[in-house]
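Working notes, beginning with the structure itself.
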Amino acid sequence: MALLLPLPALAAQVPVQCNNTTTDDETINAAVAASAVGDEFVISGPCLINATIRLRGQRAYRGGEPSGTVIRQANGANLAALMASDTWLDAQTYTGDPVSVKNLTLEGNASNNPSKATDGLVLMSWNSTAENLRINHMRGSGIRLTNTNSAGTAIVNTQVNGRIVHNFISDSGLHGVYVQDSANSVTDWDLIDNWIADSGESAIRMENSAGWKVRGNHLYGVGQSALVARRMFGTTLSDNYVEGFGEGTTAGTWAGIDVTVQGDAASVISDNKVFNFGGEPNAASRYHYLSIGQVNYGTGFVSVTGNVIRGIGGATSRGLSYEKGGGTALTVTSTGNLVTGVGTARHVGTGVTVNAGQ
């Protein structure tokens with residue numbers, strides 16, 4: 001006798017219609033709660049929300065086109081995030097299953113939500129995709145990829161192999177894209193072809209950039225350092241376009257590209273364009289266009305080639321700045337870079353070896 005087993009449910013396309021009322025988050029979350037693995041939610045807007053939309057893993061969430069599906073934070077909602085991984089919301093200590101979020105606009109409505117640093121999209125899910133999103137007016141960050149749950153506890157496993165691509169993020173109070181990693185969990189992602197405008201602090205801030213490809217991003221209107229990549233380890237930063245940095249009122253040492261390096265492996269910084277079209281407006285600040293500021297342990301190795309740096313002639317500015325900090329040593333292959341309009345074309349600190357490669 002043959003044993004008949006039930007077939008798994010087939011993935012479905014689930015239409016979700018918003019009505020531009022504050023019950024829209026309930027409508028979306030009810031559909032998500034009733035869904036099966038593999039389902040794709042097609043959200044039609046405009047949507048008005050006063051609770052965070054929960055992203056269950058192994059599901060896709062999309063609109064038809066970003067301008068047609070706008071998810072807006074209601075006045076006075078003061079949410080932690082507009083959309084977030086369920087594992088983050090539930091304060092789990094492991095990363096969530098993959099999610100895909102595409103073709104939506106997330107509107108933070110910051111002026112009417114003054115008491116919370118709202119993030120647009122919070123991901124605590126591995127192998128996930130954020131693509132073709134428009135994320136505007138968040139008091140926090142546009143996208144936050146994090147190893148730390150909503151209760152402030154770090155996950156115990158890794159969170160790798162995702163993509164953040166082709167998004168337009170503007171008017172973030174903190175960072176356009178923020179990679180928050182207190183351990184060594186959030187590695188080996190792609191951050192490619194994004195436009196990030198008018199960030200209060202950094203356009204891109206990565207507490208861990210190990211194994212990442214950061215390529216083809218266009219950054220402008222940046223209050224502090226534009227592209228910050230900590231703990232480079234097999235990392236590639238290439239073909240990024242920084243129009244300006246250090247444009248805010250906070251004084252400090254700001255960089256177009258600002259990195260630190262791990263002592264193992266090696267990393268690449270190539271073919272980037274770093275300018276400061278808005279000038280160097282804060283007389284109390286120092287402007288370093290491309291800076292390796294620290295080797296975190298051992299000896300760091302970085303290839304810095306083919307970059308174009310054009311400053312405005314500030315006497316204290318640096319084009320290329322290489323420092324080992326507390327590490328043992330730093331070796332930089334630095335060649336083929338065009339540097340002009342800065343006070344010091346290349347600064348080489350103690351314990352740093354610069355060569356032209358092979």
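For the subset of the range 292-314 comprising residues that are under 12 Å from Ala345 (Cα atoms) and at pLDDT 95 or above, which member is surrounded by the most Cβ atoms within 10 Å (Cβ to Cβ)? Lay out the reasoning, then the answer.
Taking the range 292-314 first, the residues under 12 Å from Ala345 (Cα atoms) are 308-311, 313-314.
Checking which are at pLDDT 95 or above leaves us with 308-311.
On the way: Val308: 16, Ile309: 26, Arg310: 17, Gly311: 22.
The residue in question is Ile309.
Hey, among Gly173, Gly140, which residue is under 13 Å from the mean Cα position of the chain (by Cα) and in contact (Cβ under 8 Å) with a residue 24 or more places away in the chain?
Working: Gly173 fails: under 13 Å from the mean Cα position of the chain (by Cα).
Only one candidate passes the filter, namely Gly140.
What are the residues in the range 147-189 that are among the aliphatic types (A, V, I, L, M) and either crowded, with 21+ Cβ neighbours inside 10 Å or in contact with a Lys or Arg (Cβ under 9 Å, 6 or more places away or on another chain) (or both), if any?
So the first thing to find is which residues in the range 147-189 are among the aliphatic types (A, V, I, L, M), and the list is 151, 154-156, 160, 164-165, 169, 174, 177, 179, 183, 186.
Those that are among the aliphatic types (A, V, I, L, M) and either crowded, with 21+ Cβ neighbours inside 10 Å or in contact with a Lys or Arg (Cβ under 9 Å, 6 or more places away or on another chain) (or both): Ile155, Ile164, Ile169, Leu174, Val177, Val179, Val186.
Only residues that are outside any loop (DSSP other than H, G, I, E, B) and surrounded by fewer than 20 Cβ atoms within 10 Å (Cβ to Cβ): list them for the range 237-264, please.
Within the range 237-264, the subset outside any loop (DSSP other than H, G, I, E, B) is 237-238, 241-242, 253-261.
Ser238, Tyr241, Thr253 - these are the residues of the range 237-264 that are outside any loop (DSSP other than H, G, I, E, B) and surrounded by fewer than 20 Cβ atoms within 10 Å (Cβ to Cβ).
Would you confirm whether or not the range 115-123 contains a residue that is basic (Lys, Arg) and either buried (at least 24 other Cβ atoms within 10 Å of the Cβ) or in a loop (DSSP other than H, G, I, E, B) (or both)?
Yes, the range 115-123 has at least one match.
Cβ-Cβ distance below 8 Å, separation of 6 or more or different chains: which pairs start in the range 70-94 with a residue that is more than 24 Å from Ala154 (Cα to Cα) and without any contact (Cβ under 8 Å) to a residue 24 or more places away in the chain and end on one that is part of a helix (DSSP H, G or I) and not hydrophobic (A, V, I, L, M, F, W, C)?
No pair meets every condition.
Is the range 194-201 home to any residue that is among the aliphatic types (A, V, I, L, M) and closer than 23 Å to Ala265 by Cβ? Walk me through it before giving the result.
The initial filter retains those residues of the range 194-201 that are among the aliphatic types (A, V, I, L, M), namely 196-197.
When the remaining residues are screened for being closer than 23 Å to Ala265 by Cβ, the result is none.
No; the residues of the range 194-201 include none that is among the aliphatic types (A, V, I, L, M) and closer than 23 Å to Ala265 by Cβ.
Kindly indicate which of Thr350, Thr299, Thr328 is touching a Leu at 6+ places or on another chain (Cβ under 8 Å), farther than 27 Å from His218 by Cβ and β-branched (Val, Ile, Thr). Give the derivation first.
Working: Thr350 fails: touching a Leu at 6+ places or on another chain (Cβ under 8 Å); Thr328 fails: touching a Leu at 6+ places or on another chain (Cβ under 8 Å).
Residue meeting the stated conditions: Thr299.
Residues of the range 129-146 being surrounded by fewer than 24 Cβ atoms within 10 Å (Cβ to Cβ), in a loop (DSSP other than H, G, I, E, B) and in contact with a Ser or Thr (Cβ under 9 Å, 6 or more places away or on another chain), which ones?
Arg139, Gly140
Only one residue in Ile71, Ile28 is under 24 Å from the mean Cα position of the chain (by Cα), crowded, with 18+ Cβ neighbours inside 10 Å and either in a loop (DSSP other than H, G, I, E, B) or among the β-branched types (Val, Ile, Thr) (or both). Which one? Explain how you work it out, then say what you get.
Values: Ile28 fails: under 24 Å from the mean Cα position of the chain (by Cα).
So the residue among Ile71, Ile28 that is under 24 Å from the mean Cα position of the chain (by Cα), crowded, with 18+ Cβ neighbours inside 10 Å and either in a loop (DSSP other than H, G, I, E, B) or among the β-branched types (Val, Ile, Thr) (or both) is Ile71.
Give the range 87-113 a look and list any residue that's under 11 Å from Ser125 (Cβ atoms) and surrounded by fewer than 21 Cβ atoms within 10 Å (Cβ to Cβ), or say none.
The first filter runs over the range 87-113 and keeps only residues under 11 Å from Ser125 (Cβ atoms), leaving 87-88, 92, 94-101.
Result: Gln92, Tyr94, Asp97, Pro98, Ser100.
Considering (1) within 22 Å of Val295 (Cα to Cα); (2) assigned to a loop (DSSP other than H, G, I, E, B); (3) touching a Phe, Trp or Tyr at 6+ places or on another chain (Cβ under 7 Å), say which one Gly234 fails and leave the rest.
Status for Gly234: all satisfied but (3).
Just the residues that are part of a strand (DSSP E or B) and either among the small types (Gly, Ala, Ser) or more than 21 Å from the chain's Cα centre (by Cα) (or both), please, taken from the range 74-114. Working first, answer last.
Initially, the range 74-114 is screened for residues part of a strand (DSSP E or B), giving 81-85, 96, 99-102, 105-107.
Listed by number, the residues that qualify are Ala81, Ala84, Ser85, Gly96, Ser100.
The values are calculated or read from the model by the stated rules, or taken from the named source; none is laboratory data. Keep in mind that this is a model prediction, so the values were computed, not measured. A quick note on method: Cβ atoms are made from the backbone with ideal geometry, for glycine too, and the neighbour counts reach across all protein chains shown.
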